[in-house]
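What follows is a single structure, written as structure tokens, with notes after it.
The values are calculated or read from the model by the stated rules, or taken from the named source; none is laboratory data. Bear in mind the structure is a predicted one, so any value in this text is a computation, not a measurement. Reconstructed Cβ throughout: ideal geometry from the backbone, glycine too, with neighbour counts over all protein chains shown. Calculation scope for accessible area: heavy atoms of the full protein, side chains included, ligands and nucleic acids excluded. Shrake-Rupley method; radii C 1.70, N 1.55, O 1.52, S 1.80 Å.
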Amino acid sequence: MDTRPGHFDEMYSPDGSVRETFADYGKWFENEDPRQLIKKSDEAEALFRRTGITFNVYGDGAADERLIPFDLVPRIIGHREWARLERGIEQRVRAINAFLYDIYHRQEIVRAGVLPVELISDNVAFLPEMIGFTPPGGVYTHIVGVDIVRIGEDEFCVLEDNARTPSGVSYMLENRETMLRMFPELFGGIRVRPVGNYPLELRRSLTECAPLRSGNEPVVAVLTPGIHNSAYYEHSFLADQMGAELVEGHDLKVVDGRIAMRTTEGYRAVDVLYRRVDDEYLDPLTFSPDSLLGVPGVMDVYRSGGITLANAPGTGIADDKAIYSYMPEIIEFYTGDKPLLSNVPTWRCSEPDSLRYVLEHLDELVVKEVHGSGGYGMLIGPAASTSELADFRAKLIAHPQTYIAQPTLALSTVPILTRAGLAPRHVDLRPFVLMSPGQVHMVPGGLTRVALEKDSLVVNSSQGGGTKDTWVLDD
Amino acid sequence: MLGRTGSGLYWMFRYLERSENTARLVEAGLRIALTRSADATSEWESVVKTAGQLDSFHETHSTIDASSAVDFLLRDLSNPSSVRSVIDSARSSARQVRTALTREVWEATNSAWMALNDALERPVMDRDLPSTLELIRHESAIVRGALHGTMMRNDLYNFARLGTFVERADSTARILDVKYWVLLPSPTHVGSWLDNAQWETILRSVSGERAYRWVHPGPIHPRGIAEFLILDRQMPRSLAYSFSKIDDNLRLLAGTYTQRHDCHDRAHDLLMKVSNCTIDAIMAGGLHEFLDSCIAQTAALGAQIELDYRFHE
């Protein structure tokens, strides 16, 4: 396979030799017939369809369920590299949690002049309802997905923090199941750390964050917007694997000061709600009044300590792209240490000097909306046409505070299997982090997203990205 | 368990049962059409009527024939009770209650949906009809097998079974009611070794033609057919069998939840209708009236179950 010049390939060195982490896999691969592997690839797709691992694309009809393409070449991360990532991510997640506590209490970070106050006061993700309130166990971000990109042998950096309701963990688990089913022999020879405990760890972690009360095992439920949500499969999968009820808003109501679900035997109180409904739809009495997805009165119950919401409302402010640019300062402010994982350099277009630089270098940069997600509303300068560049230039001048810009990163590649053999494609990585009082837990693995188009840098599943199984090797 | 989960399971299995019953009705119609062409047209009308869909059929069609009837019953998406529609509804219910299903039951349901969508996407050619009907029964049998083989025998299972038997009782009562007049005692039919098209349809609609011959050797008698489908506790599609299964599953729920509801009384009443009574007594009281009350009481029982177990807000 020819690697892409100027981009680190995780399997092959530029001289064509297989790197250490992929050595065993490479030997196995050499002895495989590529045509047979392509057939396996079709089998995998049939398996995903039968299992119903599909997602609905926003804006499409309800009946339109799609598969996220799965590539069967794993992405392999060495023991040492993982240990480094783990330390860096844990530091970051603890800092995010401390930051959230602070901005909803004394706002020391603003008083210290580290963060401009308008970044908080003018931010739609900042919820005044959370001021002065401490969630049970002091945990804001029960589940965090940290998007990591690799740009060199030893260079990992954080592209984005997902502190609201990160999704994709079901793919991490199902991808592994699929690999185990299709290539059991690989797992006999290569010591891949298991990820299958995630649902149990999630349950443990959520349970430990339950409001304090004596007695029974806390009741955990997963709140989903319903079967038409793009991530419904994941909601049902996690509830099923945790042994938790999967509820919709209309299954819940306030009964005797608690949130209770309507069961065949009457109403039963819920202690922990792992909600996969966004803040603004959570409580029509507090937020969007026309929301049918939430539970009227849930915020009152929450504020009186009657239920744990995971993640806490208002955590979105921590994964805002403008806040992101301050993350190195935030980490240092709360942990006293330098960040172990670096940020991608980021120009805040709200600052005139930065805006000038961004406009001058537009064709080299990636420009993102501060509140955008899913790869929408973004410009990839080097790949953009003249008219796209002109469009964005106008938008930037009109609403500079809405945008940040970053250099186009030389994302690492990992080979995918194509009909013409292995071919390098760009990847990112989303490990999932669980937080409970005093403990941060990471399952060794994550979701590797891969851009299936040659040379493309967009890995989002809504825009033609695929996934790979992610292997973390044992020591 | 959530009320919505009870509802999802109950309806998922009602829909699956309906897909199978419709396939059987079409199969019976096809058989008559092939072997007794003189009776064919009126037979298709009676098949659609038995499926309880004659009114909705006439909303979009003026005349009835084999291909319009088959198409309407199997694949018309504007007909909410066509096989394609109910399989879609069953799968939607299954997605809603995914956490209540084992992986096997869910995958069997999802596979059934994929296979039948594929098979029913285009009009079914005459020569493909037998294999298509077989596929419908086959897919539904796999879901049932997965249910029996992998689900815990708890309240989830009870709600699934309630859906199956409420739907089945309704379907069997309808099959009989549409043709009740051919089962009435008449001076000209003293019993015959030669069956007639009507009797054959009734038995074939419940896949009972062979079993009937084993249970009632000798001349076929309309009284015997009525007895077989109403009172025979060994016949899995009879009213007596369906009512006893409904009663069993409701009693298990009462045990699990240590609470009885109105639906328990209603189920018991229905069971009593077909217990300790003879077919002669039913005939004497009026077969049509009897079947009519069975259909009405089954519907009322279904509504009561939904209410008692909080299927809805």
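Here are the numbers for this structure:
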item	result
Cβ pairs under 6 Å, 6+ apart, first in segment B:276-292 and touching a residue at least 12 places away in the same chain (Cβ under 8 Å), second open to solvent by 80 Å² or more (accessible area, probe 1.4 Å) and of a type outside the set (Asp, Glu)	B:Ile279/B:Arg223
Whichever residue in segment A:399-452 is under 21 Å from the mean Cα position of the chain (by Cα) and among the small types (Gly, Ala, Ser) and, among such residues, is farthest from A:Trp347 (Cα to Cα)	A:Ser436
Unmet requirement for B:Arg310, which otherwise passes all of (1) part of a helix (DSSP H, G or I); (2) in contact with a Gly (Cβ under 6 Å, 6 or more places away or on another chain)	(1)
Helices (runs of 4 or more DSSP H) contained in segment A:148-261 and holding at least 2 residues open to solvent by less than 40 Å² (accessible area, probe 1.4 Å) and assigned by TED's automatic domain parsing to the domain that holds A:Gly52	A:169-182, A:198-208
Subset tally (residues that are part of a helix (DSSP H, G or I) and of a type in the set (Gly, Ala, Ser)) for segment B:223-238	2
Residues that are polar (S, T, N, Q) and either assigned to a helix (DSSP H, G or I) or in contact with a strand residue (DSSP E or B) (Cβ under 6 Å, 6 or more places away or on another chain) (or both), drawn from segment B:198-222	B:Gln198, B:Thr201, B:Ser205
Any hit, segment A:379-394, residues being open to solvent by 30 Å² or more (accessible area, probe 1.4 Å), in contact with a strand residue (DSSP E or B) (Cβ under 7 Å, 6 or more places away or on another chain) and closer than 30 Å to A:Ser41 by Cβ	yes
Selection count, segment B:80-103, where residues are more than 11 Å from chain A (Cβ to nearest Cβ) and touching a Ser or Thr at 6+ places or on another chain (Cβ under 6 Å)	3
Hits in segment B:104-157 (condition: within 14 Å of another protein chain (Cβ to nearest Cβ) and surrounded by fewer than 15 Cβ atoms within 10 Å (Cβ to Cβ))	B:Asn117, B:Asp118, B:Glu121, B:Thr150, B:Met152, B:Asn154
Members of segment A:264-273 that are within 13 Å of chain B (Cβ to nearest Cβ), in contact with a helix residue (DSSP H, G or I) (Cβ under 8 Å, 6 or more places away or on another chain) and either open to solvent by less than 10 Å² (accessible area, probe 1.4 Å) or closer than 19 Å to A:Arg204 by Cα (or both)	A:Thr264
Residue that is more than 24 Å from A:Leu434 (Cβ to Cβ), away from chain B (no Cβ under 14 Å) and over 25 Å from the mean Cα position of the chain (by Cα), where the choices are A:Pro296, A:Pro284	A:Pro284
Restricting segment A:233-247 to residues that are in contact (Cβ under 8 Å) with a residue 40 or more places away in the chain and either facing chain B (nearest Cβ under 7 Å) or of a type in the set (A, V, I, L, M) (or both), the residue that is farthest from B:Met1 (Cα to Cα)	A:Leu238
Any hit, segment A:305-317, residues being more than 14 Å from every other protein chain (Cβ to nearest Cβ), open to solvent by 20 Å² or more (accessible area, probe 1.4 Å) and either more than 26 Å from B:Tyr309 (Cα to Cα) or part of a loop (DSSP other than H, G, I, E, B) (or both)	yes
When residues of segment B:72-103 are limited to those that are in a loop (DSSP other than H, G, I, E, B) and over 19 Å from B:Leu2 (Cβ atoms), the one most open to solvent (accessible area, probe 1.4 Å)	B:Leu77
Index of the failed condition, B:Pro217 passing every other in (1) modelled with pLDDT under 95; (2) within 14 Å of chain A (Cβ to nearest Cβ)	(2)
One residue from B:Arg210, B:Arg233, B:Arg260 being within 14 Å of chain A (Cβ to nearest Cβ), without any contact (Cβ under 8 Å) to a residue 24 or more places away in the chain and either open to solvent by 50 Å² or more (accessible area, probe 1.4 Å) or over 25 Å from B:Trp44 (Cβ atoms) (or both)	B:Arg260
Close pairs from segment A:206-231: first more than 22 Å from A:Asp279 (Cα to Cα), partner in a strand (DSSP E or B) and open to solvent by 20 Å² or more (accessible area, probe 1.4 Å), Cβ under 9 Å, at least 6 apart	A:Glu208/A:Gln439
Filter result (open to solvent by 30 Å² or more (accessible area, probe 1.4 Å) and without any contact (Cβ under 8 Å) to a residue 40 or more places away in the chain) within segment B:34-53	B:Leu34, B:Thr35, B:Ser37, B:Ala38, B:Thr41, B:Ser42, B:Glu45
Number of the exception - A:Phe392 against (1) closer than 25 Å to A:Thr141 by Cβ; (2) part of a helix (DSSP H, G or I)	(1)
